[in-house]
Amino acid sequence: MSTYKTLDFASARQKAFEHLSRFFTVRKENSSAHLSLETESWLIELEIDGPDEVICLEATVKLEPDFPLSLPYIYIAPECVAKLGFPPNIDTNGQVCTFDRNTSIPNPEEPEQLVEVCVRKAKSIIEDGLNNDNLEKYDKEFIAYWENDYRNETSVDRQVLSLVSEIGDLPSRVTYVSLERPIGTFHALLYSDQQQFQVIESYLARHQIPYQQSSTFYLGELEGLSPPFCLRNADVLKLFESIGLEDEFREYLKSRPLLPIVTFAKIIDDRNLIFGWRHDTLVYSRKHCRKEELPRRKYVKLLSPENHSCLVERFSPQILTHNRLSQRTSADYGKFDPRRGLRVLVAGLGSVGSNLIPFLESAGITEFRLVDPDVLLLENIGRHLLGIEDVGKRKTEAVRDYLQRNNPLTVVHTRENRIVPLVLQEPTFLSDCDYWFFCTGDVNSEMWLAQNLHLNDRNRPAFFIWVEPYLAGGHCIYFDGNNEIDWDALFNDHKFIYNVISNEVHDEINFTKREAGCQITYIPYSASILKLFLAAMFPKIFEVFEKKGRNRCFSWIGDLAVLQAMDIKVSQHAQNTDSFSVVERLVC
């Protein structure tokens, strides 16, 4: 570790340069850069062993100011990349992809070996490409090659969402949806069946985003493609001739689709990915039609000889599926596939219920049913999930918008009602769920629910979550949906027997605060402590998701030192425990 304390960046660069000069012809492009710690570039001559001859190439070694803490970059000229036929592991800017910069940890003690290894790796990559020894890289890294810009074409459009499933069978068709107003930066999306589109369709309707749908000419899995991918109409026609689809494509154009779009599938690392391109609809029209005739969409001559040189516009969709998102948020060892289909009810979207939402969301829950009768008030936002922009909105609708801003595929149903009337009037709204979370803070309502759940043949596993004043403690009771709990034994005169604050203190002190009038009351505790409580409790909830099991009860112990300083007596159940710990209690 002492190397980091004594590291001299300028000396490390000079040491690496002198070492590399022993094996290659190298010269500094900006010789004074190492003194000022700017980005430094060296020009190096490489002799590349091709299939028939040795080729001399000039490469650039670029060192960032923090070298040797970071890897050097190796470049060859972009025109050289084209001349070599766009070999694998070299992008169109000429960067040779030597090592993964996200996972490689350079050894700063050996800057000279670091540079030499990267240069020799770059040389090997170029030689393998020339000798066709790494063609499998084209398929493995197809996305990178497809998204490259070749020559003077427009950039590949990456602002298209794909709802097409990455797993299972390849789709039989693909539909393109143009959005008149973007979702973030995305102006279009793809789907393969109506069920994929239904969730996003309701999102578009609620946010009043007009859209138009167009069928695409879908090729299925397309093999044998290799860069460069700067496709012109003539290249497309040649491709269709080679796979026997020229006549079908002309028939597709005669059907006058809203847009002439071609899509195809590639299977990469067992994932079904969709790519495609759009043809310029004005190429033929500008030359042969008046502007007012454009809606007739005579696309059939897009591939006529006079339009052969026109470039298509490639797009590379960004995948928006629950499977893709869970891959980025779950380690393989922690995946819990069934939860992706779980439906949960959250009743009570105050401070506890609203802040529980991100934990459920991160666990992969994809359908929420939200219940709360209230509007978000300004005084709520100090410890609520939402902020000032949502003040005045129904809590249910504001939380729904929060969830769908994060992921429009999340299904959310809302009811602006109190939980007991909802149970009486619309029991199926609850029975359609897999788990219930009750965070209402309404003692009577939750006691009624607790006493009646086991009597209902539509009952579901349920969590009751609440906190004590000053968040001296927080509690969660899990009802498994079958085995009755003796709630009267757990709650003596509406006081939880495992409270952290002793029940004698509760008898003496009214912890409820009143800001104004008779309606605006609250129990004091801070937002930061609330998040500590939920963060400690959620692993227990997640454990239930995975293992199910019988009824359980958990208590979280707050900051006992603060309670002592406030001269608040704690109960016997909080004695001999540590602050901020979770204790499992006996369920009667």
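Would you say Asp49 is farther than 20 Å from Glu127 by Cβ, touching a residue at least 24 places away in the same chain (Cβ under 8 Å) and either in contact with a Phe, Trp or Tyr (Cβ under 6 Å, 6 or more places away or on another chain) or surrounded by fewer than 18 Cβ atoms within 10 Å (Cβ to Cβ) (or both)? Spell out how you get there, then give the answer.
Numbers: farther than 20 Å from Glu127 by Cβ: no; touching a residue at least 24 places away in the same chain (Cβ under 8 Å): yes; either in contact with a Phe, Trp or Tyr (Cβ under 6 Å, 6 or more places away or on another chain) or surrounded by fewer than 18 Cβ atoms within 10 Å (Cβ to Cβ) (or both): yes.
Judged against the criteria, Asp49 is not a match.
Of the residues Arg458, Arg405, which single one is within 35 Å of the chain's Cα centre (by Cα), surrounded by fewer than 22 Cβ atoms within 10 Å (Cβ to Cβ) and over 19 Å from Gly353 (Cβ atoms)?
Arg458
Does Phe67 satisfy the criteria of being hydrophobic (A, V, I, L, M, F, W, C), at positive phi and either surrounded by fewer than 17 Cβ atoms within 10 Å (Cβ to Cβ) or assigned to a loop (DSSP other than H, G, I, E, B) (or both)?
No; evaluated as a whole, the condition is false for this residue.
Please go through the stretch 427-450 and pick out each residue that is under 18 Å from Ile365 (Cα atoms) and not in a loop (DSSP other than H, G, I, E, B).
Result: Phe429, Leu430, Ser431, Tyr435, Trp436, Phe437, Phe438.
Assuming Ile183 fulfils every condition listed in (1) surrounded by 12 or more Cβ atoms within 10 Å (Cβ to Cβ); (2) closer than 26 Å to Arg256 by Cα; (3) in contact (Cβ under 8 Å) with a residue 12 or more places away in the chain apart from one, which condition is it?
Against the list (1) surrounded by 12 or more Cβ atoms within 10 Å (Cβ to Cβ); (2) closer than 26 Å to Arg256 by Cα; (3) in contact (Cβ under 8 Å) with a residue 12 or more places away in the chain, Ile183 comes up short only on (2).
Just give me the residues in the stretch 213-231 being outside any strand (DSSP E or B) and either of a type in the set (Ser, Thr, Tyr) or free of Cβ contacts under 8 Å to residues at least 12 places away in the same chain (or both), in sequence order.
Once the filter is applied, which keeps residues that are outside any strand (DSSP E or B) and either of a type in the set (Ser, Thr, Tyr) or free of Cβ contacts under 8 Å to residues at least 12 places away in the same chain (or both), the stretch 213-231 yields Thr216, Glu223, Gly224, Ser226.
Tally up the residues in the stretch 340-379 that are at pLDDT 95 or above and among the hydroxyl-bearing types (Ser, Thr, Tyr), please.
Residues in the stretch 340-379 being at pLDDT 95 or above and among the hydroxyl-bearing types (Ser, Thr, Tyr): 1 in total.
Consider Glu379 carefully, then state whether it is buried (at least 22 other Cβ atoms within 10 Å of the Cβ), in a helix (DSSP H, G or I), in contact (Cβ under 8 Å) with a residue 12 or more places away in the chain and in the same structural domain as Asp578 (by TED's automatic domain parsing).
For Glu379, the condition - buried (at least 22 other Cβ atoms within 10 Å of the Cβ), in a helix (DSSP H, G or I), in contact (Cβ under 8 Å) with a residue 12 or more places away in the chain and in the same structural domain as Asp578 (by TED's automatic domain parsing) - is not met.
Please verify whether Lys137 is at pLDDT below 80 and either crowded, with 18+ Cβ neighbours inside 10 Å or assigned to a strand (DSSP E or B) (or both), treating the condition exactly as stated. Walk me through it before giving the result.
Details: at pLDDT below 80: yes; either crowded, with 18+ Cβ neighbours inside 10 Å or assigned to a strand (DSSP E or B) (or both): yes.
Judged against the criteria, Lys137 is a match.
For residues that are of a type in the set (A, V, I, L, M) and in contact with a strand residue (DSSP E or B) (Cβ under 7 Å, 6 or more places away or on another chain), tally how many sit in the stretch 423-446.
Of the residues in the stretch 423-446, 1 are of a type in the set (A, V, I, L, M) and in contact with a strand residue (DSSP E or B) (Cβ under 7 Å, 6 or more places away or on another chain).
May I ask you to say which residue of Ser316, Ser285, Ser330 is at negative phi and modelled with pLDDT of 60 or more?
Ser316
With respect to the numbered conditions (1) farther than 20 Å from Phe463 by Cβ; (2) assigned to a helix (DSSP H, G or I); (3) under 29 Å from the mean Cα position of the chain (by Cα), which one is the sole condition not fulfilled by Leu424?
Failing condition for Leu424: (3).
Return the residues of the stretch 451-480 that are within 22 Å of Ile541 (Cβ to Cβ) and part of a helix (DSSP H, G or I); say none if nothing qualifies.
Leu453, Leu471
Do you know which residues across the stretch 223-254 are loosely packed, with under 15 Cβ neighbours inside 10 Å and closer than 19 Å to Tyr176 by Cα?
Within the stretch 223-254, Glu248, Glu251, Lys254 meet the criteria.
For the stretch 151-185, name all the residues that are more than 20 Å from Leu204 (Cα to Cα) and among the β-branched types (Val, Ile, Thr).
Once the filter is applied, which keeps residues that are more than 20 Å from Leu204 (Cα to Cα) and among the β-branched types (Val, Ile, Thr), the stretch 151-185 yields Thr154, Val156, Ile167.
Can you report the number of residues in the stretch 61-86 which are within 27 Å of Tyr4 (Cα to Cα) and more than 33 Å from the chain's Cα centre (by Cα)?
Total satisfying the criteria: 1.
So Tyr522 clears everything in (1) at pLDDT 80 or above; (2) among the aromatic types (Phe, Trp, Tyr); (3) within 38 Å of the chain's Cα centre (by Cα) except one condition, right? Which one?
With respect to (1) at pLDDT 80 or above; (2) among the aromatic types (Phe, Trp, Tyr); (3) within 38 Å of the chain's Cα centre (by Cα), Tyr522 is out only on (1).
Given (1) at pLDDT 95 or above; (2) within 19 Å of Glu166 (Cα to Cα), where does Phe217 come up short, assuming only one miss?
It fails just one condition, (2).
Restricting attention to the stretch 143-195, report how many residues are in a strand (DSSP E or B) and aliphatic (A, V, I, L, M).
Within the stretch 143-195, residues that are in a strand (DSSP E or B) and aliphatic (A, V, I, L, M) number 8.
Conditions tested, residue by residue: (1) under 23 Å from Val352 (Cα atoms); (2) outside the structural domain of Phe359 (by TED's automatic domain parsing); (3) at pLDDT below 90; (4) not aromatic (Phe, Trp, Tyr).
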{"site": "Arg514", "(1), (2), (3), (4)": "yes, no, yes, yes"}
{"site": "Ile529", "(1), (2), (3), (4)": "yes, no, yes, yes"}
{"site": "Phe545", "(1), (2), (3), (4)": "yes, no, yes, no"}
{"site": "Cys553", "(1), (2), (3), (4)": "yes, no, no, yes"}
{"site": "Trp556", "(1), (2), (3), (4)": "yes, no, no, no"}
{"site": "Gln564", "(1), (2), (3), (4)": "no, no, yes, yes"}
{"site": "Gln575", "(1), (2), (3), (4)": "no, no, yes, yes"}
{"site": "Ser581", "(1), (2), (3), (4)": "yes, no, no, yes"}
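The values are calculated or read from the model by the stated rules, or taken from the named source; none is laboratory data. Remember, it's a predicted structure, so these values are computed and weren't measured experimentally. So basically every Cβ, Gly included, is an ideal-geometry build from the backbone, and we count neighbours across all protein chains shown.
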